[in-house]
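To start, the structure itself, in structure tokens.
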Amino acid sequence: MRTWLIDTGPVVALLVGDDAQHAWTVEQSKHVPATVLTCEAVVSEALFLLKRDGHDPDDLFGLVEAGFLRVCFDFHAEVRHVRELMRRYRDRPMSFADACLVTMAELQPDACVWTLDRDFHFYRKQRRQTLSLLTPW
């Protein structure tokens, strides 16, 4: 079974019914494993965006409590690599959450990144390998 890593965009789109990508994200969620993995940076971004736009951030906590969304990243162990990725892609510029997800994809060779962020088409694992992506683009 493939490991799914979820980015901020699909988390928000899943929870916000009038999001432009809500229908696509809900359709994709029918095919995901019981649990998708992410990092604290994605949770933080999603909570901020939900709150900023007047949506209830409590729904995101519900996804975690239900076991659908699981935070599975040790930043302390990967700090050097995350820093190096952010330096390498500073021209994009790569966000902290994106750097964590790329690192997670390197640690999980079968990982697919579920994202709405077009920058993931440019990011590479181990400097050369394209990422497996689930994206509407």
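What follows draws every value from the coordinates through simple rules; no lab data is involved. The structure presented is a predicted model; accordingly, all values stated were derived computationally and were not measured. Because the Cβ atoms are built from the backbone with ideal geometry, glycine has one as well, and the counts that use them run over all protein chains shown.
Helix-only arithmetic for the chain: the sum of -39500 (n - 2.57) across DSSP H runs with n ≥ 4, divided by the residue total, places the mean residue ellipticity at 222 nm at -13500 deg cm²/dmol.
For the chain, the spread of Cα positions along the three principal axes, ordered from largest to smallest, is 37, 32, 27 Å.
Judged by the mean number of other Cβ atoms found within 10 Å, the most tightly packed of the peptides 30-40, 57-67, 6-16, 99-109 leads the ranking 6-16, 99-109, 30-40, 57-67. Here the dipole of the chain is about 820 debye; that uses its Cα centre as origin and unit charges on the Cβ of Lys and Arg (positive) and Asp and Glu (negative). Beta-bridge orientation, the chain: approximately 15 percent antiparallel, per DSSP, counting only bridges with both partners inside. In summary, the convex hull built on the alpha carbon positions of segment 58-109 has an orientation-averaged projected area of 4.6 nm².
Note the direction-averaged projected area, equal to a quarter of the hull surface, for the Cα convex hull of segment 1-68, in nm².
With the hull built on Cα positions only, its mean projection is 4.3 nm².
Projected label points at ARG118 and ASP58, each 7 Å from Cα along the beta carbon direction, are separated by 3.8 nanometres. Under 5 Å from the amide H of TRP114 lie the amide H atoms of LEU5, ILE6, ASP7, LEU134, each residue being 5 or more positions distant or on a separate chain, with H modelled from the backbone and absent for Pro and chain starts.
Here the simple spin-label model places points 7 Å from the Cα toward Cβ, and for HIS31 and GLN129 these points are separated by 2.2 nm.
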